[in-house]
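Participant: Handing you this structure, nothing more for now.
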There are 6 protein chains.
Amino acid sequence: MQTSKHGLVVSAHSADFVWRAGGAIALYAQRGWTMTVVCLSFGERGESAKLWRQPGMTLERVKQDRRAEAERAAEVLGAQIRFLDLGDYPLRVSDEALFQLADIYRELRPAFVLTHSQRDPYNFDHPLATHVAQEARIIAQAHGPAPGEPVLGAPPVFLFEPHQPEQCEWKPQVLLDITEVWDKKRQAFELMAAQEHLWEYYTRVALQRGVQASRNSDAKIRYAEAYQRVFPQVTGELA
Amino acid sequence: MQTSKHGLVVSAHSADFVWRAGGAIALYAQRGWTMTVVCLSFGERGESAKLWRQPGMTLERVKQDRRAEAERAAEVLGAQIRFLDLGDYPLRVSDEALFQLADIYRELRPAFVLTHSQRDPYNFDHPLATHVAQEARIIAQAHGPAPGEPVLGAPPVFLFEPHQPEQCEWKPQVLLDITEVWDKKRQAFELMAAQEHLWEYYTRVALQRGVQASRNSDAKIRYAEAYQRVFPQVTGELA
Amino acid sequence: MQTSKHGLVVSAHSADFVWRAGGAIALYAQRGWTMTVVCLSFGERGESAKLWRQPGMTLERVKQDRRAEAERAAEVLGAQIRFLDLGDYPLRVSDEALFQLADIYRELRPAFVLTHSQRDPYNFDHPLATHVAQEARIIAQAHGPAPGEPVLGAPPVFLFEPHQPEQCEWKPQVLLDITEVWDKKRQAFELMAAQEHLWEYYTRVALQRGVQASRNSDAKIRYAEAYQRVFPQVTGELA
Amino acid sequence: MQTSKHGLVVSAHSADFVWRAGGAIALYAQRGWTMTVVCLSFGERGESAKLWRQPGMTLERVKQDRRAEAERAAEVLGAQIRFLDLGDYPLRVSDEALFQLADIYRELRPAFVLTHSQRDPYNFDHPLATHVAQEARIIAQAHGPAPGEPVLGAPPVFLFEPHQPEQCEWKPQVLLDITEVWDKKRQAFELMAAQEHLWEYYTRVALQRGVQASRNSDAKIRYAEAYQRVFPQVTGELA
Amino acid sequence: MQTSKHGLVVSAHSADFVWRAGGAIALYAQRGWTMTVVCLSFGERGESAKLWRQPGMTLERVKQDRRAEAERAAEVLGAQIRFLDLGDYPLRVSDEALFQLADIYRELRPAFVLTHSQRDPYNFDHPLATHVAQEARIIAQAHGPAPGEPVLGAPPVFLFEPHQPEQCEWKPQVLLDITEVWDKKRQAFELMAAQEHLWEYYTRVALQRGVQASRNSDAKIRYAEAYQRVFPQVTGELA
Amino acid sequence: MQTSKHGLVVSAHSADFVWRAGGAIALYAQRGWTMTVVCLSFGERGESAKLWRQPGMTLERVKQDRRAEAERAAEVLGAQIRFLDLGDYPLRVSDEALFQLADIYRELRPAFVLTHSQRDPYNFDHPLATHVAQEARIIAQAHGPAPGEPVLGAPPVFLFEPHQPEQCEWKPQVLLDITEVWDKKRQAFELMAAQEHLWEYYTRVALQRGVQASRNSDAKIRYAEAYQRVFPQVTGELA
């Protein structure tokens, strides 16, 4: 139903896209799509514990290191990456930044959008990121904000898996088979030196979702990523 | 991911499949699939008000009339139809009937299943029908009930739209474009002489879901049917 | 919108109607309505602890005592009372008993129905009672079960307050001012000798709901009863 | 329980009140009430697609056109209308605007309030509008913000039907019979030239809610409007 | 599992901690803990109706009176108390105030936190207070905001009982026996001269929760306080 | 608050207790408690795929094999085990079996109970097992079913983790540290020859819950089991 070959990923911090959507990104990049990751912050204050333990560390150096890591991960996955540098813990999004994100929607006209869960009691930047990603999408659908420019259609939005899914009122509604690009996702993990403790955690997540994908189909799937939908699926197929 | 070209519809009463799934049935029949409707009852006591107003009406005659109507509707839609004649208002399902339904699953090996919503405060036969449809599916997946026979895989189950959707804790998660078979669905409506008051109601339902399908996509869709999923969708595609 | 002046209360055990709906019963009785309480059981096994502590007590004697208590309470409240004697802990309802209840619906044609909450992890007889009360209502609305007899309309169903409301997924949607009949409700409490520990508990419930009724209106209400609705309210008034 | 004959409608954009509450407004206006609509914005950027397609269109002209349309619609329905001109897509509400709305509450002392659903993934201005409408009501109930002035009581708040109800976690709890004023509501629709595609959509909504209102009562109702309650209903009547 | 003997209570207005957490505060103070109450506002505009009825009252005097009352109540309960004076009806929290609260977390390193429910349609300051209390906790867990300082661990957060619990989507998950400190809680109530109407209301709440605590255990508990958990309980004990 | 040193586990099929509660069982057994597992069925038809693939297999032999496996696993974990042999796929529970289970409650007077989740769309025996486990507990609390015998108190009920937790509306509310008995749990896994595919799956579950337990506390926990509570926790401790 769509012809755009762009996908958009809105990530609160600079590594979220790796753990949560690295498979989808690599899969679509491999199919020839342009996948663009927008990082609202670098996770410089809240998700860089290991860097802060180095003597003499400064906010600027953390941000540089995190940016470099994220760029390498995006490269491995085959994605474009942009940084809005809005700060974290807490993330705060001005209307100016919101419009900037709406401009990106109009520019890319993505066929689908990946972003965070609606709730996360462990991390308030995540729900804010999804709120902003969805509000920018709505603004890009309107005629008034940029008169004359073509407006955005209605790309589906998929919410990626949070760290503790049941605590976030998040439910897997889509299980995406990422087996063929698993190696790239794992390789991207290993570039995230600041969060080494997550490598095995998210490898196990991919394996569990793989078992579940097999149980919910007649296929044999080893690695999967799970998503929740915001909007109903429009389709011509039930099988 | 599947090769079977069978679809199964489990309908509490003999007309439910027309209003709620007539589009999906006609669509897949037209694509060459074998669509099988199993009616657990004729709706003879609870959904045949017009027939009961005829003088001298008997339960047997109501059942015959309802069966004939349903057979003609199935024919228009291009479906096979079977009647388990379990009674209605209240529907009661013995384990024997449950195993009979499990046998049908094993026989047809459907690639998808359509049945009722999980709740319906207006009609307790509907939630029972979906319970039975799902329990039979689970039994058909097990090795013990019919040793040696191949077991069922994991066909997705779609719950069709109840009469008052918000009161049934039912949410549209899939909007199926039925525009190309709308004429057949409407033609099947008009065979349901006993429930003429529903023709316009369900025509409006199809139009509203069509508008919504358009709003949730970049397509122009005139008629749609809405479904809720029981299980997560396993897929290789996000767009 | 209705002309019947009958109200029906379906109570799992013989005292439930006192604590949970005594105010509504007395209020409507005082307005000249016929209020009929149907007790599915006497609560003889599960809600008669004090009686069972008497030496030599038998099931029959408990039932007699509970019946007598309930009759006196109904009299104080101004209600008719009937006992189906289906047993408790666990309550079990045959289809025969279900049809008997449907007959009562057709006989009384109540303008509203009061019964238990949909869930209660402390008491499984309560959810079963509400299930049966609602299924019988649906059967009485159908033409087939009693051909020729006029069918029931659509009386609203109100679910009364369970003992630990938040644990039962029950929410007060209607706060009924029972101040003018409070004395009768309290008098009925005091006839329930077997459950003296509940007198003060349910007096406090009535006071709390009274404060809340005042907070949700511009009136000064001292005692109230709370109900949840099963169906949407059909009305011509918003104020 | 109340004596004020004022009703307040808080509408995010200048046409929302027509589709969603036009029946209630006309009904109460016809009964001699003063119905006041407060439009937080004109919907100038997000809900005026047709106007923006005209060559040389400017924001000011869109706002003028939308204001004129809304004034005519209010006149047809019999309502007063005020515009706060806070902008849309995104709507943003300063504390100053919030206090202005609280002043309106104190001025009108409405007996009931109509506003948007709590959630709407398609339109973030709607949930913000209901948040503001509810927060202003709470402020108007407090003694400190305007010492010496009488405070507001506790007018019930009704949430009107969103465009895709099930996606908004909105449930019809009140079905208001608007048959006698349907012609006015439809006439107001037809003044909304910029949104012609909604005329038939919301006519069908009114018909569906009418059928449902009939099914939930013993009355024959042709057109209805549906609302969800925020607060419990305080009442002396169950039938 | 913890060694800190500090507990933190975040209260939107200066009296909330008394009604809602007075028992927990007194209990832990009696056990030798340092309990610190942080009042975000004095409730000077929204919860001081009685004071505002005095002639010539000013905002400053209301704040002084409320502060004095709260200090006396804290003393009776054995708690420390701090006031952030952020204003009420509406409460508004700047990032500066948020960081101030995060500093308090780092300073006290509380072993548990008590604050408001997530929703409250009657009072929008309460959900904001819990949001801020939780966001400050998250910031205090991060390494970047205060490099070099030890970060906070993961103290559990308990949400105290709102005024109308079922309307706030709040569910009692923890019933804390406060019988031994009830006298102090009641004594603190009686210092709240501005809200005398709440004394009996919250005494009844404590009695009802006491009955429920007894019903959910084998103990005899006269007074209890109820809390909802935000996070799963980590434990080595099931009994 | 309790003195009994008995724990009861109600397992639908003969292996469920191993995957889902093996840690809790071993932990309490090691503390000197008597842990009793009641298997309602052997899982002979639905959870013994590997056995059914052996030529000439019969229902009786499957049951024997499954019984032997379960007995060995119970022994490794340090538990008593009983089999009610009620059949599976579908499990059906007569009132006689229900009373038998109530007798076991009265006999053991467990201080806590472990059983299945309330919902499971993949396995209808599980929700039935938890229903029965809870109904038997309620019957054992009543005085009438076994006059003269002491009644059961109110042991808390913990629901163990289903195979696909988010699909079962199940939420981890208790994370139990099982690190010290992990070896026994794993050893019990390896006795379940018929379900070898689950060994790694449930090892990963234990690791993920361990990470989450660490994140929700200040402890370092390697393996954990997650439970949902049915009833509120009654306690004197918040930390």
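Participant: How much net charge surrounds A:G87 when only the other residues with a Cβ under 11 Å from the Cβ of A:G87 are counted, with Lys and Arg +1 and Asp and Glu -1? Write out the running numbers ahead of the final one.
Facilitator: Values: positive: A:R45, A:K63, A:R92; negative: A:E44, A:D85, A:D88, A:D125, E:D95.
My count for the surroundings of A:G87 gives -2.
Participant: Moving on to the next point. Suppose only helical runs count, i.e. DSSP H with n ≥ 4. What mean residue ellipticity at 222 nm does that imply for chain C under -39500 (n - 2.57) per run, divided by all residues and rounded to the nearest 500 deg cm²/dmol?
Facilitator: Working: 7 runs with 97 residues, N = 239.
Dividing the helical sum by the residues of chain C leaves -13000 deg cm²/dmol.
Participant: Put +1 on the Cβ of every Lys and Arg and -1 on every Asp and Glu Cβ in the range A:6-229; which of A:P90, A:Q212, A:Q187 then has its Cα farthest towards the positive end of the dipole?
Facilitator: Checked the options; the winner is A:Q212.
Participant: A further question follows. What gaps in nm, shortest first, separate E:H197 from its twins in the other copies when you place the label 7 Å past Cα toward the beta carbon?
Facilitator: 3.4, 4.7, 5.0, 5.0, 6.4
Participant: If you put +1 on each Lys and Arg Cβ and -1 on each Asp and Glu Cβ, how big is the dipole of the protein assembly as shown around its Cα centre, in Debye rounded to 20? Can you show the working numbers first?
Facilitator: Details: 162 positive and 180 negative charges, 0 e Å.
Result for the protein assembly as shown is approximately 0 debye, rounded to the nearest 20.
Participant: Same structure, new question: With a ≥ b ≥ c the root eigenvalues of the C-alpha gyration tensor of the protein assembly as shown, is it rounded (a/c under 1.5), prolate (a/b larger than b/c) or oblate?
Facilitator: On the way: a/c = 1.06, a/b = 1.06, b/c = 1.00.
It comes out rounded by the Cα gyration axes.
Participant: May I ask for the distance between the Cα centers of the range F:152-214 and the range E:28-73, given as a whole number of Å?
Facilitator: After rounding, the separation between the Cα centres reads 48 Å.
Participant: Ok, one more. Just need the Rg to Rh number for the range E:6-229, please, alpha carbons only, Kirkwood Rh. If you can, show how the numbers build up before the last one.
Facilitator: Values: Rg = 17.0 Å, Rh = 17.6 Å.
Taking Rh as the inverse mean 1/r over Cα pairs, Rg/Rh reads 0.96.
Participant: If you take the accessible area of F alone, add that of A alone, and subtract the area of the pair, what total do you get in Å², probe 1.4 Å, to the nearest 100? If you can, show how the numbers build up before the last one.
Facilitator: Details: alone 11890 and 11880 Å², together 21750 Å².
Result for this pair: about 2000 Å² buried.
Participant: With the Cα gyration tensor of the range C:183-239 giving a ≥ b ≥ c as the square roots of its eigenvalues, does the rule (a/c under 1.5 for rounded; else a/b larger than b/c for prolate; else oblate) give rounded, prolate or oblate? Write out the running numbers ahead of the final one.
Facilitator: Numbers: a/c = 2.93, a/b = 1.86, b/c = 1.57.
Prolate.
Participant: Note down the nm distance, to one decimal, between modelled labels 7 Å out along Cα→Cβ at D:E180 and at D:E75.
Facilitator: With each label point 7 Å from Cα toward Cβ, the separation is 2.6 nm.
Participant: Percent of accessible area on chain D owned by carbon and sulfur, 1.4 Å probe? Walk me through the numbers on the way to the answer.
Facilitator: Details: 3770 of 8060 Å².
Heavy-atom surface of chain D belonging to carbon and sulfur, 1.4 Å probe: 47 percent.
Participant: Further question: Return the aspartates and glutamates within reach of F:K185: Cα separation strictly under 17 angstrom, same-chain partners fewer than 8 residues apart disregarded; answer none if there are no such residues.
Facilitator: Hits, sequence-local ones excluded: F:D16, F:E69, F:E71, F:E75, F:E161, F:D177, F:E196, F:E200, F:E225.
Participant: Could I ask something else about it? Can you give the mean number of other chain Cβ atoms that lie within 10 Å of the Cβ atoms in peptide C:94-101? Can you show the working numbers first?
Facilitator: On the way: counts 0, 3, 0, 0, 1, 1, 0, 0.
So the per-residue partner count for this stretch is 1.
Participant: Still on this structure, I have one more. Using the Cβ atoms and a cut-off under 12 Å, what net charge is assigned to the surroundings of D:T130, where Lys and Arg are +1 and Asp and Glu are -1? Intermediate results must be reported in sequence, preceding the final value.
Facilitator: On the way: positive: D:R20, D:R119, D:R137; negative: D:D16, D:D120, D:D125, D:E135.
Net local charge, D:T130 excluded: -1.
Participant: Hey, another quick one. How far is A:E96 from itself in the other copies, in nm, if each label sits 7 Å out from Cα along the Cα-Cβ line, shortest first?
Facilitator: Here A:E96 shows inter-copy label distances of 2.0, 2.0, 7.8, 8.0, 8.1 nm.
Participant: Relative to the other copies, what are the label-point distances for D:L59, with labels 7 Å from Cα along the C-beta vector, expressed in nm at one decimal and sorted shortest first?
Facilitator: Its label point is 3.1, 3.1, 7.2, 7.6, 7.9 nm from the equivalent points in the other copies.
Participant: What ranking do D:126-136, A:64-74 get when scored by the average of other Cβ atoms within 10 Å per residue, highest first? Numbers along the way, then the final one.
Facilitator: Working: D:126-136: 22.5, A:64-74: 20.1.
The densest-packed peptide leads the list: D:126-136, A:64-74.
Participant: Here's something else I'd like to know. With the contact rule set at Cα under 8 Å and sequence spacing of 6 or more, what percent relative contact order holds for chain F? Walk me through the numbers before you get to the answer.
Facilitator: Working: 438 pairs, mean separation 56.1, N = 239.
It rounds to 23 percent for chain F.
Participant: Most fluctuating residue of A:D125, A:D88, A:D16 in a GNM of chain A with Cα springs under 10 Å: which is it?
Facilitator: A:D88
Participant: Give the average, rounded to an integer, of partner chain Cβ atoms located within 10 angstrom of each Cβ in A:162-172.
Facilitator: Details: counts 0, 3, 9, 4, 13, 9, 1, 2, 1, 5, 7.
Average per residue, whole number: 5.
Participant: Need one value for F:207-217: mean number of C-beta atoms belonging to other chains within 10 Å of its residues' C-beta atoms.
Facilitator: On the way: counts 3, 6, 2, 0, 7, 9, 4, 3, 8, 11, 11.
Mean shielding count: 6.
Participant: Assuming 0.36 nm per residue, please report the length gained on full extension of the stretch C:F99 to C:T58 beyond their Cα-Cα distance.
Facilitator: Values: separation 41, 0.36 × 41 = 14.76 nm, distance 3.00 nm.
Between C:F99 and C:T58, full extension yields 11.8 nm more.
Participant: Between the DSSP loop rule and a limit of at most 15 other Cβ atoms within 10 Å, which trypsin sites (Lys or Arg not before Pro) in the range B:25-55 are left? Before the final figure, lay out each step's value.
Facilitator: Details: sites: B:R31, B:R45, B:K50, B:R53; in loops: B:R31, B:R45, B:R53.
Answer by residue number: B:R31, B:R53.
Participant: Quick check: net charge around E:T203, other residues with Cβ under 15 Å of its Cβ, Lys/Arg +1 and Asp/Glu -1? Intermediate values should be presented prior to the final figure.
Facilitator: Values: positive: C:R204, E:R20, E:K184, E:K185, E:R186, E:R204, E:R209, E:R222; negative: C:E200, E:E161, E:D183, E:E190, E:E196, E:E200, E:E225.
Neighbour charge sum, excluding E:T203 itself: +1.
Participant: Can you pick out the pairs among A:K171/D:K171; D:K5/E:K50; E:K5/F:K171; A:K171/F:K171 whose Cα atoms lie more than 19 Å from each other?
Facilitator: Working: A:K171/D:K171 21 Å; D:K5/E:K50 29 Å; E:K5/F:K171 30 Å; A:K171/F:K171 11 Å.
Correct reply: A:K171/D:K171; D:K5/E:K50; E:K5/F:K171.
Participant: Please give the per residue accessible area of the protein assembly as shown, computed with a probe of 1.4 Å over protein heavy atoms only, in Å².
Facilitator: Values: 48410 Å² over 1434 residues.
In whole numbers, the protein assembly as shown has 34 Å² accessible per residue.
Participant: Follow-up question, since we're still on this one. Go through the range C:117-212 and name the chymotrypsin sites (Phe, Trp or Tyr not before Pro) that are in a DSSP coil and have 14 or fewer other Cβ atoms within 10 Å of their Cβ.
Facilitator: Details: sites: C:Y122, C:F124, C:F158, C:F160, C:W170, C:W182, C:F189, C:W199, C:Y201, C:Y202; in loops: C:Y122, C:F124, C:W170.
Hits after loop and neighbour filter: nothing returned.
Participant: Further question: Give a quick list of GluC sites (Glu not before Pro) in the range F:147-206 that DSSP marks as loop, anything other than H, G, I, E or B, with at most 13 other Cβ atoms within 10 Å. Mind showing how you got there, number by number?
Facilitator: Values: sites: F:E166, F:E169, F:E180, F:E190, F:E196, F:E200; in loops: F:E169, F:E190, F:E196.
For GluC sites (Glu not before Pro) across the range F:147-206 that sit outside H, G, I, E and B with at most 13 neighbouring Cβ atoms in 10 Å, the list reads F:E190, F:E196.
Participant: While we're on this one: For the range F:1-69, what is the charge dipole size about the Cα centre, in debye to the nearest 20, if Lys and Arg each add +1 at the Cβ and Asp and Glu each add -1 at the Cβ? Can you show the working numbers first?
Facilitator: On the way: 10 positive and 6 negative charges, 13 e Å.
That gives a dipole near 60 debye.
Participant: To continue, here is another question. Taking the Cα centre of the range F:6-229 as origin, sum charge times position over the Cβ atoms of Lys and Arg (+1) and Asp and Glu (-1), and report the length of that vector in debye to the nearest 20.
Facilitator: Values: 26 positive and 29 negative charges, 96 e Å.
Once rounded to the nearest 20, the dipole reads 460 debye.
The values are calculated or read from the model by the stated rules, or taken from the named source; none is laboratory data. Bear in mind that the values here come from a model prediction, so they are computed numbers and not experimental data. Cβ atoms come from the backbone with ideal geometry, glycine included; neighbour counts cover every protein chain shown. Keep in mind that these areas ignore ligands, DNA and RNA; they rest on the heavy atoms of the full protein, side chains included. Shrake-Rupley method; radii C 1.70, N 1.55, O 1.52, S 1.80 Å.
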